[in-house]
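First up is the structure itself, then whatever we jot down about it.
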Amino acid sequence: MAAKLKKGDKVVVLAGKDKGKQGEISRVMPKDGKAIVDGVNMAIRHTKQTQTSQGGRIPKAMPIELSNLALLDKNGKATRVGFRMDGDQKVRFAKTTGDAI
């Protein structure tokens, strides 16, 4: 199945503790059905100090379900993603505006 959400997409969270927050996808894990969004679903990880890095309490973005994310269209509103053929190329488009992504 084609990927509706990809790395670099601007998304909004639809459900959960971070509902309404926006961010950019930094990593997608299609096998798990999850993605990591910058600044969303943050958790504190305690790390030990090493020679190369400072230790302490480091905030880290945790994976969030793809079903809880929606793509932002050019107007800044949540939209669903569709696929269509432009010539011989398959492209994603926003269902609210009809614009290719």
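Scanning region 49-88 for residues that are without any contact (Cβ under 8 Å) to a residue 24 or more places away in the chain, in a strand (DSSP E or B) and open to solvent by 70 Å² or more (accessible area, probe 1.4 Å) yields 57, 58, 59, 60, 84, 85, 86. Does residue 33 meet the test of being of a type outside the set (A, V, I, L, M), without any contact (Cβ under 8 Å) to a residue 12 or more places away in the chain, touching a strand residue (DSSP E or B) at 6+ places or on another chain (Cβ under 9 Å) and under 21 Å from residue 94 (Cα atoms)? Judged against the criteria, residue 33 is not a match. Identify, please: which residue in region 89-101 is of a type outside the set (Val, Ile, Thr) and in a loop (DSSP other than H, G, I, E, B) and is, among those, most open to solvent (accessible area, probe 1.4 Å)? This residue is 95. Within the option set 58, 44, 36, being over 14 Å from residue 18 (Cα atoms) and modelled with pLDDT of 95 or more holds for one residue only, 44. Scanning region 31-48 for residues that are surrounded by 12 or more Cβ atoms within 10 Å (Cβ to Cβ) and within 14 Å of residue 68 (Cα to Cα) yields 34, 35, 36, 37, 40, 41. Note on region 1-20: residues that are within 11 Å of the chain's Cα centre (by Cα), part of a loop (DSSP other than H, G, I, E, B) and surrounded by 10 or more Cβ atoms within 10 Å (Cβ to Cβ) amount to 5.
The values are calculated or read from the model by the stated rules, or taken from the named source; none is laboratory data. Note that the coordinates shown come from a computational prediction; the quantities given were computed from them, not determined experimentally. Cβ coordinates were reconstructed from backbone atoms using ideal geometry, including for glycine residues, and neighbour counts include every protein chain displayed. To get the accessible areas, we keep the full protein, side chains included, count just its heavy atoms, and leave off ligands, DNA and RNA. Shrake-Rupley method; radii C 1.70, N 1.55, O 1.52, S 1.80 Å.
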